[in-house]
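The values are calculated or read from the model by the stated rules, or taken from the named source; none is laboratory data. Predicted model only: the values in this text are computed from it and were never measured. No Cβ is skipped: glycine too gets one built from the backbone with ideal geometry, and neighbour counts run over all protein chains shown.
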Amino acid sequence: MEATEIRKLAALEDTHWWYRERRALLDRALRRLPSPARASGPSPDRASGAAGAAGGPVAGGMGRRALDIGAAGGGNTRVLKRRGWSPIALEYSTEGAEVAAERGLDVIRADARALPLPNASLDLVVAFDVLEHIDEDHAAAGEIHRTLRPGGSALIAVPCDMRLWSAHDVAVGHVRRYTRESLAAVVAKAGLVIDELWSWNVLLRPVAAWRRRKSTGSDLDELPAVVNLGLTAIITAERYLPVKSLPGVSLMLRAHRPVR
């Protein structure tokens, strides 16, 4: 993602309906996760390089250890902190890492395909809107598996359906959009066990499809307050409707590294 897009995201994520609901979704998912048991394996205080320099969360605190890959403005990292996790934000771009650091978050700059963390050192990995940016998405999924402790969880979100491909995807650096089958295949190949796979942003899919057909670039823009409020109401209503199996704009996945 370009530096201008990252800065734009950081400026909008506290108020924009899409980012607010994504944080609410993460918050609900965290509440449903099992309490992590301490697992045997390499001690996390053996982390080296950038991860070791980043400090506490990965370097051996007693809290539940989490990694937020592709943290950008750090909105999801802050949700993790509020929920009692010891998170570290990971960003590939210099600009993204700077934004996270400016917000007081522990951050490392690294490639998701080569995480500078020891094996089995994390209780949770969050990768929202990450895999679609990476040609070798299987390598990133493999790194999630490697760094999770046995029994640890992964929360993953990706855009879905190439029929929705548009100038927006190009502007924000997407390589692909996923189907349920293609996402499940990447995650399963990495050795993770899928617990749940569902659609998100189902009710607004017709609106998204219409807008994407007309788009000439990123659709990440500040909206009039009344429009933002209306979209918030619609996406919030989706929480209570049986639409998770229908086509949406994104796919959400919860998985875990098996104990054996």
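Summary of values
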item	result
Residue in the range 195-210 that is farther than 23 Å from residue 8 by Cβ, without any contact (Cβ under 8 Å) to a residue 24 or more places away in the chain and either in contact with a strand residue (DSSP E or B) (Cβ under 9 Å, 6 or more places away or on another chain) or assigned to a helix (DSSP H, G or I) (or both) present	yes
Residue that is surrounded by the fewest Cβ atoms within 10 Å (Cβ to Cβ) [pool: residues in the range 70-106 that are among the aliphatic types (A, V, I, L, M) and at pLDDT below 95]	101
Residue satisfying all of: in the range 170-194; among the charged types (D, E, K, R) and in contact (Cβ under 8 Å) with a residue 12 or more places away in the chain; farthest from residue 250 (Cα to Cα) among these	189
Lone unmet requirement of (1) surrounded by 14 or more Cβ atoms within 10 Å (Cβ to Cβ); (2) part of a loop (DSSP other than H, G, I, E, B); (3) out of contact with any strand residue (DSSP E or B) (no Cβ under 6 Å at 6 or more places or on another chain) for residue 248	(3)
Yes/no for residue 175 being at pLDDT 95 or above and either assigned to a strand (DSSP E or B) or crowded, with 23+ Cβ neighbours inside 10 Å (or both)	no
Count of the range 143-172 residues which are touching a Gly at 6+ places or on another chain (Cβ under 8 Å), more than 21 Å from residue 8 (Cβ to Cβ) and crowded, with 19+ Cβ neighbours inside 10 Å	3
Odd one out for residue 255 among (1) touching a helix residue (DSSP H, G or I) at 6+ places or on another chain (Cβ under 7 Å); (2) assigned to a helix (DSSP H, G or I)	(2)
Filtered residues of the range 180-212 (kept if under 14 Å from residue 156 (Cβ atoms) and among the polar types (S, T, N, Q))	182, 199
Counted residues, the range 12-47 - those being assigned to a helix (DSSP H, G or I), at pLDDT below 65 and not acidic (Asp, Glu)	2
